[in-house]
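Notes follow once the structure below has been shown.
Quick note: the coordinates plus some simple rules give every number you see, no bench work behind them. Worth saying up front: this structure is predicted, and the values here are computed from it rather than measured. FYI the Cβ positions are ideal-geometry reconstructions off the backbone, even for glycines, and counts take in every protein chain you see.
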Amino acid sequence: MSEQYERALVTGGCGFVGSHLCEQLLDAGTAVLALDNFATSTPANVARLLDRPGFELIQHDVTEQLPTLGCFDVVFHLASAASPAAYLRLPIETLRAGALGTANALELAERNRARFVLASTSEVYGDPAVHPQPEGYWGHVNPVGPRSVYDEAKRYAEALTMAFRRERGVNTGIARIFNTYGPYMRTDDGRMVPNFIAQALSGAPITIAGTGEQTRSLCYVDDTGRGLLALASTDHPGPVNIGNPHEISVRGLAEEIRSVTGSTSPVQYVDGAIDDPKRRCPDISLARRELGWWPVVTRAEGLRRTIDWFIGRRAVAAEESLR
């Protein structure tokens, strides 16, 4: 991170991506306040950070009036349910996080004259008619389908962020994050990487929604965090895609995980999700040019690290069950 910030606020700081971002900020010498209501996360995700100088954790819902938090020179707004299982369980809360939560975080950034970075999503592109997806593509989203609670929350958050930039001069940046994976994902997250790994390790059938021909691009969480930091270190408004441009089919990913784990789990096909994108892959030309960022962790290496973490977590859980 070329820009050296003194103190950062990370809303959703105990989430999967948020906890990694907090660690990367601390490694860069930035003090961090993680704010989280634990609706879809756990304080265990930042247990490794609690004893580090400069790290603070506050339990609070960002959609409610913020308490006195002190001064910040950068605000990362990540607070939101992110997996389909979570946002379908918490539809109204997800919309509130995108609307009220984004407004509260923006107003805090405005008061502090801080750089504001919104963690948006590739879901704003919906089931895209353009491939790969550049930032100039406006998307193909069903505004009333079950996924709309997440898609439209993020689209509204982007609109609000740009309004604060245009009307109030807030220094904002929008990152559109594509599928991210890595350690500290919940085993019951509902997304394909943790699902496939947990199923493969337990010997359960690996369940593929739909035909398995739909594609995704997977970005290792360390690379995603570097992308957010790269955007924060500039004045670029975004939106800018943060993701890995190497595409793989869902079936191909399932087979790869089964091979790496040495699993004999059978593959089982289930009904596809409503409005599930058929193809998803970022055009990262803008990130390369304006941020000097691109992913460096290969899928093989990222999956190895993630699977090793899941194996370690299973071992700890087994030990605790015997106590």
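A compact table of results
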| item | result |
| --- | --- |
| Shape category assigned to segment 29-156 from the gyration tensor of Cα positions, a/c cut at 1.5 | prolate |
| Contour minus Cα-Cα distance for Ala209 and Gln268 (0.36 nm per residue) | 20.4 nm |
| Dipole moment magnitude, nearest 20 debye, segment 61-112 about Cα centre, only Lys, Arg, Asp, Glu C-beta charged | 180 |
| Size of electric dipole in the chain: Cβ of Lys, Arg +1 and of Asp, Glu -1, about Cα centre, debye, nearest 20 | 260 |
| Positive-end residue, the chain charge dipole about Cα centroid, Cβ charges, pick of Asn171, Asn104, His140 | His140 |
| Those chymotrypsin sites (Phe, Trp or Tyr not before Pro) in segment 55-150 that DSSP places in a loop and that have at most 14 other beta carbons within 10 Å | Trp138 |
| Tail beyond 17 Å, pair distance distribution of segment 7-93 (Cα, percent) | 43 |
| Simple spin-label estimate for Asp276 and Cys71 in nanometres, 7 Å along Cα-Cβ | 5.1 |
| Dipole of the chain, positive end: most advanced residue of Val74, Val46, Ala273 [Cβ charges, Cα centre] | Ala273 |
| Linear extension gain, Arg168 paired with Ala47, 0.36 nm per residue minus alpha-carbon span | 39.8 nm |
| Förster radius 22 Å - calculated FRET efficiency between Trp309 and Glu56, Cβ distance, rounded to 0.05 | 0.30 |
| Angle between the chain longest axis and helix 102-112 axis [Cα atoms, degrees, rounded to 10] | 40 |
| Degrees separating the helix 221-232 axis from the principal Cα axis of the chain, which is the longest one | 20 |
| Relative contact order computed over the chain (Cα-Cα under 8 Å; 6+ residues apart), in percent | 18 |
| Average projection area in nm² (convex hull over Cα atoms of segment 194-323, one quarter of hull surface) | 9.9 |
| Amide N of segment 132-147 lying under 19 Å from the label point, which is placed 7 angstrom from the Cα of Ile92 along Cα→Cβ | 144-147 |
| Ranked Ser259, Ser41, Ser19, Ser249, criterion: other C-beta atoms within 10 Å, fewest first | Ser259, Ser249, Ser41, Ser19 |
| Net charge of Cβ neighbours under 12 Å - reference Pro143; Lys, Arg +1; Asp, Glu -1 | -1 |
| Two-decimal Rg to Rh for segment 157-214 - Kirkwood Rh, Cα set | 1.26 |
| Helical mean residue ellipticity (222 nm; -39500 (n - 2.57) per DSSP H run of 4+; nearest 500) of the chain | -11000 deg cm²/dmol |
| Approximate shape of the chain as ellipsoid semi-axes (Cα gyration tensor, √5λ), whole Å, largest first | 30, 23, 18 |
| Rounded Å value of the spacing that divides the Cα centres of segment 1-61 and segment 157-184 | 18 |
| Segment Glu107-Ser249, length gained on full extension (0.36 nm per residue, minus Cα span) | 47.0 nm |
| Amide N proximity, segment 29-46 versus Ala85 label position 7 Å along Cα-to-Cβ, cut-off under 16 Å | 39-42 |
